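Only one structure is covered here, and it is reproduced in the block below.
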Amino acid sequence: MEEKRDKKILLEKHKDIARIDQESKRTHGWYVRVRFYGKTHSKFFSDGKCGGRYSSLLAALAWRDEIETRIGKVRTNKHIVTVSNTSTGVVGVRLNDKLGRYEVSWVNKAGKQGKTSVSIRKHGKENAFKRACEIRKIKEAERLSS
């Protein structure tokens, strides 16, 4: 029974963890890469040093979870974007000067795109931005909740 469970864990996909088997360099193990707010944390877990394929995977999983906790990243298997390409610097919130509003976008639990906007004329630029950021924060929390 335990052997079946071990095999299942080995065959599952694990977020931020990749298997490396490079026979030419005699390299076998798991490579963990955690990205958060533009910084990458990575480490390789060798089968040889960890006592086998299963042990190295368990060590990789534990390290990934520990790093995520230490840097404040939410433990989820869902994709999280933390670096913004918008001039606001907030993921999912952009300024539309032409229309005088902040536009908010997100993805819901079902994977559907959601959008709304907050009027600068109605709320003022500073308050509109705060409201837009709050909406984005709420929608992201809804998506990540179990």
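Just to be sure I understand, how many residues within the stretch 98-112 are charged (D, E, K, R), part of a loop (DSSP other than H, G, I, E, B) and either touching a residue at least 12 places away in the same chain (Cβ under 8 Å) or not assigned by TED's automatic domain parsing to the domain that holds Ala132 (or both)?
Selection size over the stretch 98-112: 1.
Kindly list the number of the only condition in (1) part of a strand (DSSP E or B); (2) outside the structural domain of His14 (by TED's automatic domain parsing); (3) modelled with pLDDT of 90 or more that fails for Phe45.
Unmet for Phe45, out of (1) part of a strand (DSSP E or B); (2) outside the structural domain of His14 (by TED's automatic domain parsing); (3) modelled with pLDDT of 90 or more: (2).
Considering only residues that are hydrophobic (A, V, I, L, M, F, W, C) and in contact with a strand residue (DSSP E or B) (Cβ under 6 Å, 6 or more places away or on another chain), look in the stretch 25-42 and name the one that is modelled with the lowest pLDDT.
Val34
Please tell me if Ser119 is in contact with a Leu (Cβ under 7 Å, 6 or more places away or on another chain) and free of Cβ contacts under 8 Å to residues at least 40 places away in the same chain.
No, not satisfied.
For the stretch 131-146, give me each residue that is within 13 Å of Val90 (Cβ to Cβ) and touching a strand residue (DSSP E or B) at 6+ places or on another chain (Cβ under 9 Å).
Arg131, Ala132, Cys133, Ile135, Arg136, Lys139, Glu140
Considering only residues that are in a helix (DSSP H, G or I) and either surrounded by fewer than 18 Cβ atoms within 10 Å (Cβ to Cβ) or not small (Gly, Ala, Ser) (or both), which ones fall in the stretch 117-131?
Result: Ile120, Arg121, Lys122, His123, Lys125, Glu126, Asn127, Phe129, Lys130, Arg131.
Kindly establish whether Arg19 is closer than 19 Å to Arg70 by Cβ, in contact with a His (Cβ under 9 Å, 6 or more places away or on another chain), in the same structural domain as Leu57 (by TED's automatic domain parsing) and modelled with pLDDT of 75 or more.
Here the answer is no, as Arg19 does not meet what is asked.
The values are calculated or read from the model by the stated rules, or taken from the named source; none is laboratory data. Owing to the predicted nature of the structure, the values given are computational and were not obtained by experimental measurement. Using ideal geometry, Cβ is built from the backbone for each residue, glycine included, and neighbour counts are taken over all protein chains shown.
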